[in-house]
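Computed from the coordinates by the stated procedures, all read-outs in this text should not be read as laboratory data. All of these numbers come straight from a predicted model, not from anything done at the bench. Here the Cβ positions follow ideal geometry from the backbone for every residue, glycine too, while neighbour counts run over all protein chains shown.
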Amino acid sequence: MRTETLRETSVNTAAPVNEFTAGVAKAAPVMMGYFPIAVAYGVLAREAGLTLWETMAMSLFLYAGASQFIAVGMFAAAMSPFTMIFTTFLVNLRHLLMSASLAPFLKGLRFRSLALLGTGVTDETFAVNCTEFANTRRGHCFMYGVNLASYSSWVTGSLVGAMAGTLIPGLDQLPLDFALPAMFICLLVIMLKDNVMLCTAVLAGGLSILLALLIEGNWNIILATVIAATVASGWEKCRKRS
């Protein structure tokens, strides 16, 4: 056990500068997708009545694209702070599953390091980190690079949108929101390397659409993810036995 712990620690601390740089490089597609979406968020936030500082505070401390758009809409509708906080919590419940998937790759780290890395977990950074960790022996500094580069792009885009939105007419009418689903599609295609992954993705997508028609809120994402992952896990075990 002690030997395994030392080996895991050596993997996580090897060549930190190179690992961080590699993480930043891998985050390039995420950064390009985040920037226009963050610009759109900055524009909409200012139109909803948030000040420049309030707009930036949400990106700096909340850092959750979908939740920020939802919060801005609820703010514009003058909903209560409790409703906004609770809705944001429900929307972000999926991060529990993503963090649990990354945990095995981060053994041996202190709590403060895990907490800092956890704040940078998003749908896109999870996809990049999980794919890279599964295929290559990477350290936690790689994850720092991915998370920090993506975070910087989101914050910078928010600032540009918040400041330029009032100066450039019609900026909010541009189809900037297409960048996010396009980036999701690209990240998904990269991860589809066998029949199990392909069928899991199709099952999760189909279940999510079906549950969205039957259940209110964002529970469809959580339920579809859990069901599809359970089916894929059982399939993988049966395949190994045979």
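Inter-label distance, Val202 to Leu52: 5.2 nm, where each label sits 7 Å from its Cα along the C-beta direction.
With Cα atoms as the point set, the radius of gyration and Dmax of region 194-242 evaluate to 12.1, 40 Å. Model label sites at Leu116 and Thr21, defined 7 Å from Cα along the beta-carbon direction, differ in position by 2.1 nm. The packing ranking of peptides 205-215, 16-26, highest mean first, is 16-26, 205-215, where packing means the average number of other beta carbon atoms within 10 angstrom of each residue.
Candidate cross-link partners of Lys26 among the lysines, defined by an alpha-carbon separation under 23 Å and a same-chain spacing of 8 or more, comprise Lys107, Lys193.
Ranked by the mean number of other Cβ atoms within 10 Å of their residues, highest first, the peptides 70-81, 131-142 come out as 131-142, 70-81.
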